[in-house]
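**Q** My questions will all concern the structure given below.
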Amino acid sequence: LDELSRPTMYDQNFGLGLLDDDLLLGPRYHGRSHFPVLLKSYLRPHRLSSAAQSGLSCIQNDKNNFKVNLDVQQFKPEEVSVKVVDGYVVVEGKHEERSDEHGYISRQFTRRYKVPDNVDSNSITSTLSSDGVLSVGAPKKIPEKSAGERPIQIVQTNQPSIKQSSNKDEKNYESMETNQ
């Protein structure tokens, strides 16, 4: 199970290019040094640490906010789009083939995130940092006390609810009772 949960070059780091030693060593050896003397010259810690962070997303869904941070450093700002479709935030990025240090590469991705029910999709905003982290988020709606509950104001009338009748009315009432 530990082997399956460990990130490898076959995960989200496809956009960074491969080195010869990436292909010679099996995927289970990336990021580990079972043979420290043999692998010391092959491992590039700075490369692995940046690769481990590339392309990853982090979702923050607390009581006040919904927020997604996504590393899109491999794309120019105009190559990334964010939209809301049927209750999902959809982030897409695409760039055509271009050359890099390993040859030619083209990249494309689509990520979908379910918008929580207590988030107004019209309030969702996005920002892109200078180091390529896209942040998409919105504040959560303030919950009402209950959907079927509404407080009703009590108005004081300063009047008695039963009016006291005069003595004539009482005598007429008594006489009506005795006649029957």
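The values are calculated or read from the model by the stated rules, or taken from the named source; none is laboratory data. None of these values were measured; they are calculated from a predicted model. Neighbour counts are summed over all protein chains in view; Cβ atoms, including those assigned to glycine, are modelled from backbone coordinates with ideal geometry.
**Q** Within the range 86-102, can you find the residues that are farther than 13 Å from Lys76 by Cα and either over 22 Å from the mean Cα position of the chain (by Cα) or charged (D, E, K, R) (or both)?
**A** Once the filter is applied, which keeps residues that are farther than 13 Å from Lys76 by Cα and either over 22 Å from the mean Cα position of the chain (by Cα) or charged (D, E, K, R) (or both), the range 86-102 yields Asp86, Glu97, Ser99, Asp100, Glu101, His102.
**Q** Going by the structure shown, is Val82 touching a strand residue (DSSP E or B) at 6+ places or on another chain (Cβ under 6 Å), surrounded by 13 or more Cβ atoms within 10 Å (Cβ to Cβ) and closer than 16 Å to Ala138 by Cα?
**A** Judged against the criteria, Val82 is a match.
**Q** Please find, among Val84, Val89, Val155, Val80, the residue that is at pLDDT below 95 and aliphatic (A, V, I, L, M).
**A** Result of the check over Val84, Val89, Val155, Val80: Val155.
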